[in-house]
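Below you'll find the structure, written out as structure tokens, and then a few comments.
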Amino acid sequence: MAKLKIPKRVSTTLLSSLSAGVVPRIGLEHIAVGREKEMAALLQDLDNLAAGGAAFRFVVGRYGSGKSFMLQLLRNHAMEQGFVVADVDLSPERRLAGTDGQGVATYRELMRNIATKTHPNGGTLGLILEKWISSIQTQVAETSGLRPNDSGFDDQVESTILAAVKNIEGLVHGFDFATVVTNYWRGYRLDEKERKDAAMRWLRGEFATKTEAKAALGVRIIIDDDTWYDYVKLFAKFAADIGYKGLLVLFDEAVHLWKITNAVSRQNNYDKLLAMFNDTMQGRAEHLGIIVGGTPKFLEDPKRGLFTDPAWTRRTAKSRFAKAGLQDNSGPVIQLETLTQQEILQLLQRLADVHTTQYSSEKKITKSEFDEFLQEIISRLGANALLTPGEIVRDFLSVLNILQQNPEMSFGQVIHGAGLQLTTAGKKTNVDEDGEVAEFTL
């Protein structure tokens, strides 16, 4: 790994994020292990999106099992392949449906997080429009022989833009979307910053009233809790029309839908998710991929999990032939299995290499020490089935940090002595089984 010469910025981000229990945005390819079949299925979905199809998947696993890691890894793959990506962590304030702005809040977060290969950190909605306009100007200059300052050049550019947005006018809310995009171009053409800003505010779902939107842009509708998903579909089609391969949308922390205590509100969110699922499965969406990350409780809880809805039970039921080690990854639910000991050892080796690169250390962890650490973890947790990458990574990085800060100590002294309190898995009797930390064991 040291030979790869990982940039300091990447190794710093990797170690800092993982030590804090957060999935990093960059550098994931340096530590990814296992999950080959699951990732192959998700990458096949990207190929389908590029061909004009749609996809919907649940990625399900316990806390720390690698759900968010897989979503971020897929996000990076998608950007490399030329997709627009947008991701959001659901929360009490950001849901799929709501009566108090929770739905449009999710949409706004998606628009803030829109990213591409050249701008992977998000906030690229305006840059995408500017790039598109610039490419059309180049196209018009090549085909007409006119220069940007020549008479008639802007008229030809506008005609080309109107022809491009005409493809989406026939979709639900497509006319208003096309009108706003055209307004952005005219603000660009006439150097009217206020008009451009108004178009961007509308596209980001920031107008509060229809009256305000009509006065600024001449459209009689705004993006709200009821309509936000229609505009996600529109943007996916628009992204494909202007040269990208499609739009990949990632919803993480779907357990927050399960946590909704009001039964009607929770069902409304499940119904919205069902509408999104049906759109993608029945071909009513184009170039759109939706990936939802959640815990088993989100799907399977008998009191308020997704499976309590008969419609969802029918759509996500496991094949009777699917057993441990024989998962059908073509179905809508990808269940993350426990990593094997060999895969965990490979993960630890890669983490050690990144740590060595970061601190320019010459001290190497031997194979016997890797084995010793893993056996110590297993003995404290009590069973291989309880191991998750998140639990192991934080403990292992803590060991490496202690060794780096205390060079006089040996590896064995750290993991067997008082230098580190490893994660344990005792079951407390006073845990609220329905609480948000019910799946954690300390």
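What to note about this one:
- Look at (1) surrounded by 20 or more Cβ atoms within 10 Å (Cβ to Cβ); (2) polar (S, T, N, Q); (3) under 30 Å from residue 27 (Cβ atoms) and you find that residue 102 fails only one, number (3).
- Number of residues in region 46-71 that are surrounded by fewer than 18 Cβ atoms within 10 Å (Cβ to Cβ) and either within 14 Å of residue 24 (Cα to Cα) or of a type in the set (S, T, N, Q) (or both): the value is 1.
- Single residue of 186, 220 found to be surrounded by fewer than 22 Cβ atoms within 10 Å (Cβ to Cβ), at pLDDT below 95, over 20 Å from the mean Cα position of the chain (by Cα) and in a loop (DSSP other than H, G, I, E, B): 220
- Residue in region 45-55 that is within 24 Å of residue 306 (Cα to Cα) and in a helix (DSSP H, G or I) present: yes
- The numbered conditions (1) modelled with pLDDT of 85 or more; (2) open to solvent by 30 Å² or more (accessible area, probe 1.4 Å) are all true for residue 334 except (2).
- When each of 225, 176 is tested for being outside any helix (DSSP H, G or I) and touching a residue at least 40 places away in the same chain (Cβ under 8 Å), the lone residue that passes is 225.
- Taken over region 116-162, the residue count meeting the criterion of being under 30 Å from residue 87 (Cβ atoms) and not basic (Lys, Arg) is 20.
- Residue pairs meeting the criteria (Cβ under 6 Å; at least 6 apart or on separate chains; first part of a loop (DSSP other than H, G, I, E, B), in region 248-259; second modelled with pLDDT under 95 and open to solvent by less than 10 Å² (accessible area, probe 1.4 Å)): 254/294; 254/298
- One residue from 206, 194, 253 being open to solvent by 50 Å² or more (accessible area, probe 1.4 Å), in contact with a strand residue (DSSP E or B) (Cβ under 9 Å, 6 or more places away or on another chain) and either acidic (Asp, Glu) or farther than 18 Å from residue 111 by Cβ (or both): 253
- Tally of residues being in a loop (DSSP other than H, G, I, E, B), touching a residue at least 12 places away in the same chain (Cβ under 8 Å) and open to solvent by 30 Å² or more (accessible area, probe 1.4 Å) across region 6-31: 4
- Residues in region 285-314 that are of a type outside the set (Phe, Trp, Tyr), free of Cβ contacts under 8 Å to residues at least 40 places away in the same chain and touching a helix residue (DSSP H, G or I) at 6+ places or on another chain (Cβ under 9 Å): 300, 302, 308, 311, 313.
- Looking across region 108-146, the residues that are open to solvent by less than 70 Å² (accessible area, probe 1.4 Å), within 30 Å of residue 97 (Cα to Cα), not hydroxyl-bearing (Ser, Thr, Tyr) and not in a helix (DSSP H, G or I) come down to 113, 114, 115, 120, 122, 123.
- Conditions (1) more than 16 Å from residue 125 (Cβ to Cβ); (2) in a helix (DSSP H, G or I); (3) touching a residue at least 12 places away in the same chain (Cβ under 8 Å); (4) β-branched (Val, Ile, Thr); number of the one not met by residue 211: (3)
- Looking across region 265-297, the residues that are open to solvent by 10 Å² or more (accessible area, probe 1.4 Å) and within 13 Å of residue 95 (Cβ to Cβ) come down to 265, 266, 267, 268, 271, 272.
- Matching residues, region 77-92, being open to solvent by 30 Å² or more (accessible area, probe 1.4 Å) and either part of a helix (DSSP H, G or I) or small (Gly, Ala, Ser) (or both): 77, 80
The values are calculated or read from the model by the stated rules, or taken from the named source; none is laboratory data. Model, not experiment: these values are computed from the prediction. Positions of Cβ are backbone-derived with ideal geometry, glycine not excepted, and every protein chain shown enters the neighbour counts. Just so you know, the surface numbers come from the protein's heavy atoms only, side chains and all, with ligands and any DNA or RNA stripped out. Shrake-Rupley method; radii C 1.70, N 1.55, O 1.52, S 1.80 Å.
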